[in-house]
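Data block below; observations after.
Every read-out reported here was derived from the displayed coordinates using simple, explicitly stated rules and does not represent laboratory data. Keep in mind it's a predicted model, so treat the numbers as computed, not measured. Cβ atoms come from the backbone with ideal geometry, glycine included; neighbour counts cover every protein chain shown.
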Amino acid sequence: MKHGWLGFKAIVAKDIVVELRAKQVLPTMFVLGLLIVFILRLAAESMPTGAGMPIMGAAALWIAFLFSGMLMQERSFATEKEDGCMDGLLLAPLDAGTIYLAKLCANVVMLSIFEAAVVPLVLLSFGLSIDGRWLEFVAVLVLGNLGISSLGTLFSAAVQVSRSQGSLLSIVVLVVLMPMMTPALFALLVLFGALPEEVAGFGSLAFVGSFKAALGYMIAFDAVFSVACWLLFGVILQE
Amino acid sequence: MVAETHSPAVQVNSVSKAFGARPVLKGVSLAATRGEAVCLCGVNGAGKSTLLQIISGLLRPDRGSVDVGGHNTADHPGQFKRQLGMISHKSMVYPELTVTENLNFVARLYGVTNRAARIDELLARTGLTAFSYDRAAILSRGLLQRLAIARALLHEPSVLLADEPFAGLDGSAVEYVLSVFADFVASGGTLLTTTHDTRLGLRCCSRVAVLDAGAILLDRPKEQVDSERFIEDYLSYARSGS
């Protein structure tokens with residue numbers, strides 16, 4: 001157990017140090033994030049009343065997190081492949097679950113760094129206010145981050161093992177993440193004041209129902225997919 | 001860390017492996033005892049690297065089994081991995097990390113106790129002390145191979161697998177690798193190495209095995225092999241591409 005924890009910490013620290021030194025993904029993520037925010041800000045400006053600001057702001061955040069997250073996760077195993085480092089990891093007496101959790105943790109940290117830069121930018125440029133609900137706002141971002149990272153980490157490993165093209169990662173992750181993106185978007189729209197706490201009627205957002213239900217869906221998604229990905233990771237590596 | 005056991009250090013039992021429809025290993029059996037150095041020779045595609053990857057646990061055999069230090073590699077991955085070190089033609093080191101950081105990372109993965117002292121010892125033994133704060137990205141091929149060797153020996157394995165360890169090395173680097181192998185075997189370790197270069201293979205082994213089209217063609221102690229004739233025969237066989 002102690003040895004597994006030591007290995008976990010070593011992989012997390014190594015991944016963060018390698019990325020901060022190589023600067024391979026973070027700069028690209030920031031540029032992509034800036035572009036997404038800039039384009040959606042322009043689109044929101046074209047709306048005459050300014051009512052589109054919270055909607056476009058919420059969309060900008062999730063689109064930026066999704067695509068930048070996938071960019072980063074794809075690299076997280078590609079770097080392991082380059083000098084045979086993945087073999088080095090697999091030769092170590094660590095179970096696959098520990099490797100997965102360490103990679104997931106490193107990806108969550110990296111995406112959090114990105115979020116810390118993009119969130120203030122979106123709030124300022126779209127003129128959005130949280131009205132003191134910072135804790136709920138952070139909770140939504142953390143849950144979204146965990147959902148994106150847990151799936152992205154698994155599929156990144158699958159892409160490397162199967163030697164498939166990276167585009168496969170994007171397609172599969174986007175499709176599987178859809179059940180989480182609806183409540184995630186709902187939650188941000190509520191926090192930005194574009195939706196009331198509870199929504200009745202038809203449509204995918206009304207299906208979510210309320211802010212609390214949205215948080216519940218996200219927690220359930222993260223719990224189910226984090227555990228499923230943790231279990232599947234070993235199977236993927238054996239292939 | 002050499003396992004106290006009467007069973008062979010490495011025992012390969014009727015291992016078969018195919019990639020798709022193409023069989024790569026066909027019921028290969030091989031055993032190596034403590035203090036033995038086995039050289040696996042064979043042309044490209046003979047199945048040498050695949051066999052080493054199966055022994056290391058990186059690949060699973062379709063049929064057959066592998067025991068390392070008395071532990072079945074499929075049933076006891078934790079135990080056998082601690083006894084195994086591997087050098088491949090890829091360095092398995094991170095170019096962005098320094099030499100010391102790379103070794104410290106591996107030491108943590110293996111739960112090596114007294115890490116700093118062990119790393120200093122290996123840096124001195126591999127002649128990398130002067131490069132300990134250099135990033136791996138700027139090391140020459142020879143120095144990278146020294147780092148790969150330090151990486152493989154860090155947790156004091158009892159079995160060392162070396163896949164084409166002489167590839168791309170100059171004369172002095174080759175001599176260095178040979179001396180490391182000799183020390184490892186002299187201390188009771190078991191070495192399994194693959195090489196195209198039969199001369200070098202014969203220098204570092206006590207037993208030679210020839211793998212051809214996924215099957216062991218010859219497996220005998222070095223003293224029972226006429227080195228010059230073996231090299232000549234091997235070269236003509238390799239050139240014929242058979």
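Computed quantities for the displayed model
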| item | result |
| --- | --- |
| In degrees, nearest ten, helix B:171-186 long axis to first principal axis of chain B (Cα) | 80 degrees |
| Cα convex hull of the range A:2-238, projected area averaged across orientations, nm² | 13.5 nm² |
| Neighbouring partner chain Cβ atoms per residue of B:109-117, average, 10 Å criterion | 4 |
| Qualifying lysines (Cα of each under 19 Å from Cα of B:K17; at least 8 residues distant if same chain) | B:K26, B:K48 |
| DSSP beta bridge pairing in the protein assembly as shown, given as percent antiparallel to the nearest 5 | 55 percent |
| Binned Cα-Cα distance frequencies in chain B - 10 Å width, integer % | 8, 32, 36, 20, 4, 0 |
| Cross-link reach list, lysines versus A:K9, counting only Cα pairs under 30 Å and skipping chain neighbours closer than eight places | A:K23, A:K81, A:K103, B:K81, B:K90 |
| Angle between chain B longest axis and helix B:141-153 axis [Cα atoms, degrees, rounded to 10] | 90 degrees |
| Gap separating the Cα centres of the range A:73-111 and the range A:125-157, nearest whole Å | 22 Å |
| Rel. contact order, % - alpha carbon contacts under 8 angstrom, at least six apart, the range A:2-238 | 24 percent |
| Residue order, fewest to most beta carbons within 10 Å, for B:K26, B:K81 | B:K26, B:K81 |
| Using a Förster distance of 41 Å, the FRET efficiency for A:V109-B:R63 (Cβ separation, nearest 0.05) | 0.45 |
| Cubic angstrom per residue, convex hull over Cα atoms of the range B:61-196 | 122 Å³ |
| Percentage relative contact order, the range B:127-242, counting C-alpha pairs under 8 Å, at least six apart | 18 percent |
| Relative contact order (%) - criterion: Cα under 8 Å, at least six apart; region: the range A:80-160 | 41 percent |
| Fewest-first sequence of A:M47, A:M218 by Cβ atoms within 10 Å of each Cβ | A:M47, A:M218 |
| For B:147-159, mean number of other protein chain Cβ atoms within 10 Å | 1 |
| Label-to-label distance, nm, for residues given as B:S236 and B:S206 (7 Å Cα→Cβ offset) | 3.2 nm |
| Between helix A:211-238 and chain A: long-axis angle, C-alpha atoms, 0 to 90°, nearest 10 | 20 degrees |
| For q = 0.06 Å⁻¹, Debye-computed log10 I/I(0) when each Cα of the protein assembly as shown counts as one equal scatterer | -0.35 |
| Dipole in debye (nearest 20) - chain A, about Cα centre, beta carbon charges: Lys, Arg +1; Asp, Glu -1 | 260 debye |
| Relative exposure of A:V138, B:V177, judged by other C-beta atoms within 10 Å (fewest first) | A:V138, B:V177 |
| Spin-label model distance (nm) - B:A186 vs A:I16, 7 Å beyond Cα toward Cβ | 4.5 nm |
| Pairwise FRET efficiency - A:A206 versus B:T113, Cβ, R0 = 45 Å, nearest 0.05 | 0.15 |
| Pairwise centroid distance, computed over Cα atoms, of the range A:176-239 with the range B:77-100, Å | 39 Å |
| Nitroxide proxy distance, nm - points 7 Å out along Cα→Cβ at B:S179 and B:A31 | 3.5 nm |
